[in-house]
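The values are calculated or read from the model by the stated rules, or taken from the named source; none is laboratory data. Since the structure is predicted, the reported quantities are computational estimates derived from the model, not experimental observations. When we count neighbours, we look across all protein chains shown, and the Cβ atoms used for this are built from the backbone with ideal geometry, even at glycine.
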Amino acid sequence: MQIKTTRRSVLAAGLGGSAALFAPAYIRSARAAEFNYKFANNLALTHPLNKQAQAAADRIKAETNGRVEIQIFPSSQLGSDTDTLSQIRAGAVDFFTLSGLILSTLVPAASINGIGFAFPDYPTVWKTMDGELGAYVRAQIDKVGLVAMDTIWDNGFRQMTSSSKPITSPADLKGFKIRVPVSPLWTSMFKAFDASPASINFNEVYSALQTKVVEGQENPLAIISTAKLYEVQKYCSLTNHMWDGFWLLANKRIWEGIPADIRTIIAKNFNMAGLAEREDVAKLNAGLQSELAGKGLTFNNADAAPFRDTLRKAGFYSEWKGKYGEQAWSLLEKSVGSLS
């Protein structure tokens with residue numbers, strides 16, 4: 001039988017040969033990662049959290065011999081905090097670092113670390129959050145279909161910034177239009193100061209300040225720097241009014257479906273990364289005030305005592321003691337001393 005050779009048949013044969021040549025490589029590539037996960041967060045790529053998250057993802061890939069691939073999505077690329085919290089609950093996102101104060105819309109106890117003017121310093125923070133109170137909060141998170149890693153990552157002590165005036169005393173907050181995260185605790189605290197808090201997701205903060213929808217906001221220095229909020233703010237008051245951290249969350253159903261040996265590797269490396277991120281944030285904060293001053297922010301120190309007294313007189317501590325319950329509140333006061 002004579003075989004008729006045509007340009008089309010030659011091309012087909014060539015493509016077939018190419019497909020045969022490249023198929024094994026393609027299959028190897030596709031099979032390289034047996035488990036692919038998305039890790040979302042709301043911070044800039046330059047923030048220590050993202051640097052350490054990526055380092056952890058690299059170690060996890062190496063230690064699992066390429067079986068696990070974790071892709072980092074920074075800067076709210078997958079949606080606002082509120083959106084991404086819904087996504088991780090649905091399983092569309094696998095890992096997510098979220099402030100406990102925002103998580104409190106789902107897990108009320110998660111915001112207890114943000115009680116105004118509760119923590120005097122970092123040693124007290126870590127003793128509390130790595131201890132009994134942190135364990136209590138993680139147990140509450142577990143009840144809503146999420147898993148929190150053992151190590152809470154550092155967001156930092158929060159400071160107040162303003163485009164209109166420095167905040168030196170509680171009186172300066174009267175009528176002050178300030179952006180706060182979408183969390184009842186923040187709104188409650190600033191209302192106790194007679195301020196005008198506006199709940200705005202973080203990915204909209206810069207534009208809200210730029211367009212004067214709000215006069216000010218409050219965040220740790222590392223975020224004020226990496227989010228370039230100094231471009232739209234003039235004053236920074238060192239109030240240390242709240243300590244805020246990020247729980248590294250996993251979808252519980254997905255987490256429990258991962259083989260136990262791989263879960264151990266992931267948890268170990270994420271917890272190591274959390275500790276390293278704490279150190280990075282401390283180093284960053286050490287030089288940030290002078291750096292931000294050089295970019296135009298005017299700094300002032302604020303005495304915590306008058307703010308704490310104002311909150312106590314306004315019934316803020318008593319109100320939140322009732323909301324958190326006796327067990328959680330007693331664990332907090334066990335570390336920080338009496339508040340209410």
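Numbers for the structure displayed
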| item | result |
| --- | --- |
| Selection from the range 269-304 of residues that are of a type in the set (Val, Ile, Thr) and over 17 Å from Met129 (Cβ atoms) | Thr298 |
| Matching strands (runs of 3 or more DSSP E) fully within the range 107-180 where at least 2 residues are over 16 Å from the mean Cα position of the chain (by Cα) and of a type outside the set (A, V, I, L, M) | 159-162, 177-180 |
| Only listed residue being surrounded by fewer than 20 Cβ atoms within 10 Å (Cβ to Cβ), without any contact (Cβ under 8 Å) to a residue 12 or more places away in the chain, in a helix (DSSP H, G or I) and not aliphatic (A, V, I, L, M), chosen from Ser207, Ser188 | Ser207 |
| All positions within the range 235-282 that are in contact (Cβ under 8 Å) with a residue 12 or more places away in the chain, surrounded by fewer than 16 Cβ atoms within 10 Å (Cβ to Cβ) and among the basic types (Lys, Arg) | Arg253 |
| Contacts under 9 angstrom Cβ, first residue in the range 284-297 being more than 17 Å from Leu49 (Cα to Cα), partner among the charged types (D, E, K, R) and crowded, with 17+ Cβ neighbours inside 10 Å, 6 or more apart | none |
| Of all residues making up the range 283-303, the number that are closer than 22 Å to Asn155 by Cα, loosely packed, with under 14 Cβ neighbours inside 10 Å and of a type in the set (Gly, Ala, Ser) | 4 |
| Subset of the range 284-296 [among the hydrophobic types (A, V, I, L, M, F, W, C) and within 18 Å of Thr46 (Cβ to Cβ)] | Leu284, Ala286, Leu288, Leu292 |
| Within the range 79-106, tally of residues that are under 21 Å from Leu331 (Cα atoms) and in a strand (DSSP E or B) | 1 |
| The listed residue being out of contact with any Lys or Arg (no Cβ under 8 Å at 6 or more places or on another chain) and farther than 27 Å from Leu288 by Cα, out of Ala110, Ala118 | Ala110 |
| Pick from the range 209-223, criterion within 20 Å of the chain's Cα centre (by Cα) and at pLDDT 95 or above, ranking: farthest from Leu103 (Cα to Cα) | Gln217 |
| Condition met for Gly175 (of a type outside the set (A, V, I, L, M, F, W, C), closer than 30 Å to Leu292 by Cα and out of contact with any Cys (no Cβ under 9 Å at 6 or more places or on another chain)) | yes |
| Residue count, the range 36-78 (criterion: in a strand (DSSP E or B) and of a type in the set (S, T, N, Q)) | 2 |
| In the range 54-98, residue surrounded by the fewest Cβ atoms within 10 Å (Cβ to Cβ) [restricted to those that are in contact (Cβ under 8 Å) with a residue 60 or more places away in the chain and touching a Ser or Thr at 6+ places or on another chain (Cβ under 8 Å)] | Thr82 |
